[in-house]
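Some notes on the structure that comes next.
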RNA sequence: CGGGGCGUAGCGCAGCCUGGUAGCGCACCACAAUGGGGUUGUGGGGGUCGGAGGUUCAAAUCCUCUCGCCCCGACCA
């Protein structure tokens, strides 16, 4: 491609509303432009990258045996009512009406549509398993879009849905998808990890997320230092402590703690480490039918964080988990949230297993401005239900018993689920089995955030000059930079010759034939992150050489003119 | 949705407090010089100051309403 005929809209200054580096660089390099909150135009160079990502995904999905199709972005309400999600989805689903006042939404995902398709098209178990995928624009009206294309409202996703006669078949395809995802992220040239994950709103049983590792990642991931155990922190199990609870060594006393509300305040005030203090959180409870009812107290060690998912799964707790309102707590307990404690508390109680082995602890006295010291389970109060309530922390033993956990940040770029029959059941998607009986199909679903991958790749690969694309998804593999193109016939001739040769070889090349100064060409191509560059100048041509430079390096290499082609081939093969 | 902040040229900003008819840098156009790391000079084009209403002889500036955007927050592929 010729730079003179390409929209290269680079910016010298960083737009102020771009927080993270990928967003800044995508704007500066002229890959995207914002239209409105969470809505972005992909400029030609950005689209080139996006297409390369899509292409790799397509090739690997096709290779896995999946079939591509394309479903509408606008979907009728009826299907969503059938699955029950028209109510369940809430405000993140963008709803609209057509001219006949019929209700539609802009698809945040496509389970309903594919299930509807398959229940009419698939008749027999002999047609299973199948796996359909599409690369499509989705819309989720995020409460807070941010980080550019990373968490946009409109975004591009590859989503796949598989259908099976039984769980065993589902597990086979699930394993194939796991492998396929690894191939995809390998080819994309990203450092990533598959991790155990929660199934979230979509529901189902087994699930893995694929995370690109980057400091700016929104998710925390726990890894074993020794084994292959890796899990999203919201899913990571904390093992019960091995050592028993020490014997009580102190008497329970009530102490005044005026104005001391948070764990760190109480810790400082009483000169007690947070591990020795127990915090009590009050959340909304649920009755037998799962309706919101009453309050439940959760007790954790002061230095630990509540794990929402674990708490939410407990019987008697309202889902989704919500902290009780301050006024509700005041009314029920008679103190504010800074002074709640388990002693004498008339609420159903759950205690985290690490909090259950603390002796002589400090906790709120259920009276404002007072705490209890030297409290002991089974002496001063009965030991309530012990369970796992907290997030794992760095240094916890790995749940598989091998090594300890470390925690890193990740960007979720893929997610695979064993859905089960949630949708096929609700929508009555059946096939006949070998006995001629109608069987509800079992489903899997497999997503990749295509547009998010572009941002994630930049988060992981950049320097102070700009982007460092993995070769597979760089907008161009190679930049040809002629010096004084318009004033040197020799340079012009060599440039044209090389451009033709490289292009004919199928190397994605940009030749910077703009009438720009050298500095501008260098800066633009570095910002854009083109992995390889060749400078053509009279200076080198005099000696029969061209200058090669890899984007990752800071030194030029002089290469003889007649060796340049094989040299470039070599460089590209290395990548 | 709650809390905070910001809307002045394509981008980054000043001007607003103390009303007097809009400015700087980058980008853009023309010409010239320069020509291997965002070069220099001269001359240009471009703004209903987010929108509506109000106060005033006079509003970017003061007041009210409204829209948009950004940041923080606890349920987000």
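Using r as the Cβ-Cβ distance of residue A:262 and residue A:4, and R0 as 56 Å, what FRET efficiency do you calculate, to the nearest 0.05? List each step's numbers first, then the result.
Details: r = 61 Å, r/R0 = 1.10.
Computed FRET efficiency for residue A:262 and residue A:4 comes out at 0.35.
Can you tell me how much longer the chain between residue A:36 and residue A:538 gets when fully stretched, taken as 0.36 nm per residue apart minus their C-alpha distance, in nm with one decimal?
Length gained between residue A:36 and residue A:538: 176.0 nm.
Expressed in nm to one decimal, what extension gain is obtained for the pair residue A:425 and residue A:171 from 0.36 nm per residue of sequence separation less their Cα-Cα distance? Working shown, then result.
Working: separation 254, 0.36 × 254 = 91.44 nm, distance 1.85 nm.
Contour length minus Cα-Cα distance gives 89.6 nm.
State the three equivalent ellipsoid semi-axes of the range A:489-539, derived from the C-alpha gyration tensor as the square roots of 5 times its eigenvalues, in descending order and whole Å. Spell out each step's value before the answer.
Working: eigenvalues 64, 51, 14 Å².
Ellipsoid semi-axes (Å, largest first): 18, 16, 8.
How far apart, in nanometres, would the label points at residue A:503 and residue A:137 be if each is projected 7 angstrom from Cα along the Cα-to-Cβ direction?
3.0
How far apart, in nm, are two points set 7 Å out from the Cα along the Cα-to-Cβ line at residue A:346 and at residue A:91?
Simple spin-label model gives 3.7 nm for this pair.
Run lengths n ≥ 4 of DSSP H only: what is the helix-derived mean residue ellipticity at 222 nm for chain A, with -39500 (n - 2.57) per run over all residues, to the nearest 500?
Details: 15 runs with 151 residues, N = 575.
Mean residue ellipticity at 222 nm (helix-derived): -7500 deg cm²/dmol.
On the principal axes of its Cα set, how long, how wide and how thick is the range A:179-282? Give whole Å, largest value first.
On the principal axes, the range A:179-282 reaches 62, 32, 29 Å in Cα extent.
What is the order of A:446, A:192, fewest Cβ neighbours within 10 Å to most? The partial results should precede the final answer.
Values: A:446 27, A:192 23.
Sorted ascending by nearby Cβ count, the order is A:192, A:446.
Would you mind calculating the relative contact order of the range A:62-173 from Cα pairs under 8 angstrom and at least 6 residues apart, reporting the percent as a whole number?
Values: 155 pairs, mean separation 31.4, N = 112.
Computed over the range A:62-173, the figure is 28 percent.
Whole-Å semi-axes of the range A:470-562's equivalent ellipsoid, largest first, each the root of 5 times a Cα gyration tensor eigenvalue?
Equivalent ellipsoid of the range A:470-562: 19, 14, 13 Å, largest first.
So if I take the centroid of the Cα atoms in the range A:360-416 and the same for the range A:66-101, what is the distance between those two points in Å?
Between the Cα centres of the range A:360-416 and the range A:66-101 lies a distance of 41 Å.
Say each of residue A:219 and residue A:558 gets a label point 7 Å from the Cα, pointing the same way as Cα to Cβ; how far apart are those two points in nm?
That separation, rounded to one decimal, is 5.2 nm.
At a threshold of 8 angstrom on Cα-Cα distance, excluding pairs fewer than six apart, so keeping six or more, what relative contact order does the range A:516-567 reach in percent? Working shown, then result.
Working: 51 pairs, mean separation 13.9, N = 52.
It rounds to 27 percent for the range A:516-567.
In terms of the Cα gyration tensor, with a ≥ b ≥ c the square roots of its eigenvalues, is the range A:351-500 rounded because a/c is under 1.5, prolate because a/b exceeds b/c, or oblate? If you can, show how the numbers build up before the last one.
On the way: a/c = 4.24, a/b = 1.64, b/c = 2.58.
Since a/c reaches 1.5 but b/c is at least a/b, the shape of the range A:351-500 is classed as oblate.
Hey, could you grab the Kirkwood Rh for chain A? Inverse mean 1/r over distinct alpha carbon pairs, Å, one decimal. Don't skip to the answer; put the middle values down first.
Values: mean 1/r = 0.0361 Å⁻¹.
In chain A this quantity evaluates to 27.7 Å.
Determine the relative contact order of chain A: mean sequence separation of Cα pairs under 8 Å and six or more apart, normalised by residue count, in whole percent.
Relative contact order of chain A: 17 percent.
Calculated FRET efficiency, residue A:12 and residue A:62, Cβ-Cβ r, R0 41 Å, to nearest 0.05? Kindly include the intermediate steps, with their values, before the conclusion.
Values: r = 42 Å, r/R0 = 1.02.
Working from the Cβ atoms, E equals 0.45.
Using R₀ = 60 Å, calculate the FRET efficiency as 1/(1 + (r/R₀)^6) where r is the Cβ-Cβ separation of residue A:186 and residue A:383; round to 0.05. Mind showing how you got there, number by number?
Details: r = 50 Å, r/R0 = 0.83.
Efficiency computed from Cβ-Cβ geometry: 0.75.
Coordinate-derived values only; no laboratory data. What you see is a predicted model, and the numbers here were worked out from it, not measured in a lab. Positions of Cβ are backbone-derived with ideal geometry, glycine not excepted, and every protein chain shown enters the neighbour counts.
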